[in-house]
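Working notes for the structure below.
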Amino acid sequence: MLTRTLVAVTALALLAGCGSKGMPQSYGGPPSASATPGQSSTPGPTSGTLTPDPSEDPALATFYEQKVSWRTCGDAQCAKVTVPIDWATPDGATIKLAINRLRATGPGAKIGALLTNPGGPGASGVGFVQQAAAGVGASVRARYDLVGFDPRGVGGSAPIHCLTDRQLDAALAVDPTPDDDADLADVQHEARVFANGCKQNGALLGHMGTVDVARDMDVIRAVVGDDKLHYLGYSYGTYLGAIYAGLFPGHIGRMVLDGVLDPALTNSQIMLGQAQGFQLAYNSFVEDCLAHKPCALGNSADQVTSRLRALLKKLDDKPIKGVGTRKLNEAMATIGLLAGMYAKSRWEYLRASLVAAYLGDGSGLLQLSDDYTRRGPDGHYTDNGNESIYAVNCLDHPGESSPQDIRAQLPALERASPLFGDFIGWGALPCDYWPVQSDVAPGPVNAPGAPPILVLGTTRDPATPFQWSKNLVGELSSGVLLAHDGDGHTAYGHGEDCVDSKVNRYLLTGTTPAVGTQC
């Protein structure tokens, strides 16, 4: 997903908003323990293998050996899995995670459960399973149970809450390109309101990092009865999969990582890479328009971009008609524009929305923004993804988020993307005021002894640049790259037979494509 933080990374299926549609009722509840702001921290570093094996630790047997009760929820089965809030104190407070599964359809012997994560961070895996089923090959569905889970603090798994709907509206609408001290004061105010609002979540807020979630995944693996974890992760879900591989290399079965967030990157490196990625996607969008003459956005790339920059500058000073009584300002327009970059299938709608905005009607861009942030027409946000993304990112990538840090990074961000650089940079500011600190240090994951791990990268992916997939393959001891020459975010399940057939073959047989394969 995309929100006012590190530009978030979520599987394309969520662009329409998985939200609460088709989801079972929420599970779990608020954590019972409390934390002193500023004193909680996540374990680190991210890349060390856990020894001895936690699944063999008698102190953790109550979690690894728990029996869950599955109940019918729509087409799926749902259950609750208990995990400790703090893995360093397993006898302390616990929370319940929401999980669900679609049973293998057959025929053929079942291989096991295929755990999925759609990205975010902060996206609901429970909601995603229903959508993912359509994108997973029928031959794979025949032999795997498809399993989803809401990570801790997300959706139905003791969800955190920081802001009211109205406060979230204000946070998302704050000026993304502060021009003077008054503008910056507004941005800082909203960042502080956001961070301070999250204090109410107690101990869980200090234990929402990816290392904690990866440890939860190993319990889910045991609960569904598998000795090895079979995993399909998209976008941020690739980061989660890579961290799991580093912690539990001996527990990996077949792992697909599609649209990679490289765990070795710092906060500033992620922002720079995404500025480059979204600019590349925007350039491709413009080239596509100009190739279909006449292009309604202009007669040349320079004209298209000049016109768009003028629109954004105008919206910074004077919002235009949006939806109902709501107006479209610069922040909402930028979110809508970036959301449209995630899939080539959205480009036609994006073009029409831009043309309408030039004529004073911002409803199309505002709708793109609302779909992406999952804001319903009633003004209610359908899940807590806009909040939980900060809770994870601020722990996973601490530092480099003060106003001084951001100012120092802006020249490089603006060179990488004159359109989006400022937006991406200032979006990291709430982490500077975050009420809990983290000692996690980004670093490469090697996963020694792991079986082959299949890594997918799309050459013009806006949110997770192709270079990040190449990086991860070089870091993993057993990574194999499948390159997709195309546009949009993630590759598997989007109707590209070359990609889908090779991923399906790997999941069914463990056979990876030949080195250097490109679709």
### Query
Taking only protein heavy atoms and a 1.4 Å probe, what accessible area per residue, in Å², does region 336-391 have with all protein chains in place?
31 Å²
### Query
To the nearest 20 debye, what is the magnitude of the charge dipole of region 183-322 about its Cα centre, counting +1 on the Cβ of each Lys and Arg and -1 on the Cβ of each Asp and Glu?
380 debye
### Query
So how much slack lies between residue 380 and residue 89, counting 0.36 nm per residue of separation and subtracting their Cα-Cα distance, in nm?
101.1 nm
#### Entry: Relative contact order of region 225-271, defined on C-alpha pairs under 8 angstrom at six or more residues apart (%)
46 percent
### Task
Any chance you could give the angle, 0 to 90 degrees and rounded to 10, that helix 125-135 forms with the longest Cα principal axis of the chain?
80 degrees
### Query
Can you tell me the Rg and the Dmax, both Å, for the Cα atoms in the chain?
21.8, 69
### Task
Evaluate region 375-463: find the radius of gyration of its Cα atoms, find its Kirkwood radius, and give the ratio Rg to Rh.
1.05
### Summary
Ordering 499-510, 378-389 by per-residue average of other C-beta atoms within 10 angstrom, highest first, gives 378-389, 499-510
### Task
Just order 273-282, 395-404 by mean Cβ neighbour count inside 10 Å, highest at the front, would you?
273-282, 395-404
## Note on the structure
region 309-361: spread of alpha-carbon positions along the three principal axes, whole Å, largest first, is 30, 22, 16
### Task
At 1.4 Å probe size, with every protein chain present, just tell me what the per residue accessible area of region 195-257 comes to in Å².
18 Å²
### Task
Looking at the chain, send over the antiparallel percent of its DSSP beta bridges, to the nearest 5.
45 percent
### Query
What translational D, rounded to a whole number of µm²/s, comes out for region 390-519 from Stokes-Einstein when the hydrodynamic radius is the Kirkwood one over Cα pairs, at 25 °C and 0.890 mPa s?
143 µm²/s
### Query
Rg to Rh ratio, region 437-502, alpha-carbon atoms and Kirkwood radius?
1.04
### Query
How far is helix 210-223 tilted off the main Cα axis of the chain, in degrees rounded to 10, range 0 to 90?
40 degrees
### Query
If you count, for each residue, the other Cβ atoms within 10 Å and average over each peptide, how do 190-198, 73-81 line up from highest to lowest?
190-198, 73-81
### Query
Using Cα atoms only, what is the angle between the long axis of helix 267-291 and the major principal axis of the chain, expressed in degrees (0 to 90) to the nearest 10?
60 degrees
### Tensor-based shape of region 467-518 (alpha-carbon gyration tensor, a/c under 1.5 rounded, otherwise prolate or oblate)
oblate
### Task
Positive end of the charge dipole of the chain (Lys, Arg +1 and Asp, Glu -1 on Cβ, about the Cα centre): tell me which of 238, 70, 203 has its Cα farthest that way.
70
### Task
Would you mind calculating the gained length between residue 515 and residue 82 on full extension (0.36 nm times residue separation, minus the Cα-Cα distance), in nm to one decimal?
151.8 nm
### Query
Under a no-solvent Debye model with one identical scatterer per Cα of region 183-312, what's log10 I(q)/I(0) at q = 0.12, 0.19, 0.20, 0.22 Å⁻¹?
-0.78, -1.08, -1.12, -1.22
### Message
Suppose a student asked you for the relative contact order of the chain, using Cα pairs under 8 Å spaced at least 6 residues apart; what percent would you report?
### Response
22 percent
### Task
Would you mind checking region 442-483 for residues with the amide N under 20 Å from a putative spin-label position 7 Å along Cα→C-beta of residue 292?
460-462
### Task
With the cut-off at 18 Å, report for region 268-379 the share of all Cα pairs above it, as a whole percent.
49 percent
### Query
Does region 266-318 come out rounded, prolate or oblate by the C-alpha gyration tensor, with a ≥ b ≥ c the root eigenvalues, rounded set by a/c under 1.5 and, if not, prolate when a/b is larger than b/c and oblate if not?
oblate
### Query
Where the only charges are on Cβ atoms (+1 Lys, Arg; -1 Asp, Glu), what is the dipole of the chain about its Cα centre, to the nearest 20 debye?
1300 debye
### Query
Roughly to the nearest percent, how much of the accessible area of the chain is carbon and sulfur, given a 1.4 Å probe?
50 percent
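The values are calculated or read from the model by the stated rules, or taken from the named source; none is laboratory data. Model, not experiment: these values are computed from the prediction. Here Cβ is always computed from backbone atoms with ideal geometry, including for glycine, and neighbour counts include all displayed protein chains. Keep in mind that these areas ignore ligands, DNA and RNA; they rest on the heavy atoms of the full protein, side chains included. Shrake-Rupley method; radii C 1.70, N 1.55, O 1.52, S 1.80 Å.
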